[in-house]
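The values are calculated or read from the model by the stated rules, or taken from the named source; none is laboratory data. Just so you know, these numbers come straight off a predicted model, no measurement behind them. For neighbour counting, all protein chains shown are included, and Cβ atoms are generated from backbone atoms with ideal geometry for every residue, glycine included. We work out accessible area using only protein heavy atoms, side chains counted, and drop any ligands, DNA or RNA first. Shrake-Rupley method; radii C 1.70, N 1.55, O 1.52, S 1.80 Å.
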Amino acid sequence: MMFVKLVVNVRRCSCYPESFRQQRIGTQEDLRVDGRGCEDYRCAEVETDVVSNTSGSARVKLGHTDILVGVKAEMGTPKWERPDEGYLEFFVDCSANATPEFEGRGGDDLGTEIANTLYRIFNNKGSIDLTSLCISPREHCWILYVDVLLLECGGNLFDAISIAVKAALFNTSIPKVRVLEDEEGSKDIELSDDPYDCIRLNVENVPCIITLSKIGYRHVVDATLQEEACSLASLLVSVTSKGVLTCLRKVGKGSLDPESIFEMMETGKRVGKVLHASLQTILQKEENLGPKRQKVGFLG
């Protein structure tokens, strides 16, 4: 495990709020309240392999937003409409410690909304090679249960969660299996007990979510809670490492005109490519360290 930092900095334009009430007015200046530009992310801390009893895990801290993701690979039966593919299942737990609003069942609606967004983004052939999760067509496949835990909410949840999910999938190891068939035609599954005899997922095409929040006549990425409170509408775009948009979703009660949507899409593609490049570089460096990686861990 290794504790690393991810910095995405693509400075273009930004907003300078004179006060919390004047956030929307201050979007004409080239400075946000925390010194960032419109297309600047806060420093993100990325740590993988943090939970021992999972197939893969990651923790991401983006400002005051703290996300923990664990991936568990289990055998199951392929879906009837996709008999030669495995699939992913998402569960999002909004911890009451993250914000008082999540006490009781307060976070259920948000958890469902996030999970549905993740389903739209990840359960397709373009994101992950789901056929690589198939063991025996129509009979056995790997199901990846992706558990997302919101430890702290400090704005920009969707982006932080998508980064954590990609990092956890990158860290995921799935045991190799052999299908043995006897003379009578019955099949047995033999699991390798060698921890190094495993398959790894190709996450090159796994998209990340870029949330663009409209404040006044401008839009910003990686909005803080204060900025989100001043934004009536946001656009969520999932972008691959090559800058290809795979999903688009508008959130908030406000409206977005076609010209703003086009500009936000272009910004999302530009920022997304930089984000992917930085994240992939960090994950690869950590992987290359192997056993020499610094042991930090979730409770470290």
ASP188 assigned to a strand (DSSP E or B) and farther than 26 Å from ASP93 by Cβ = yes
Picked from segment 110-128 (must be touching a Leu at 6+ places or on another chain (Cβ under 9 Å) and of a type in the set (Val, Ile, Thr)), the residue modelled with the lowest pLDDT is ILE128
Within segment 220-244, the count of residues that are more than 18 Å from the chain's Cα centre (by Cα), open to solvent by less than 30 Å² (accessible area, probe 1.4 Å) and not charged (D, E, K, R) comes to 4
Task: Filter result for LEU133 (open to solvent by less than 20 Å² (accessible area, probe 1.4 Å) and in contact with a Leu (Cβ under 8 Å, 6 or more places away or on another chain)) - done: yes
Flagged in segment 84-109 as of a type in the set (Asp, Glu), part of a loop (DSSP other than H, G, I, E, B) and modelled with pLDDT of 75 or more, in numbering order, are ASP84, GLU85
Within segment 52-63, of all residues that are within 26 Å of GLY155 (Cβ to Cβ) and surrounded by fewer than 24 Cβ atoms within 10 Å (Cβ to Cβ), the one nearest to the chain's Cα centre (by Cα) is LYS61
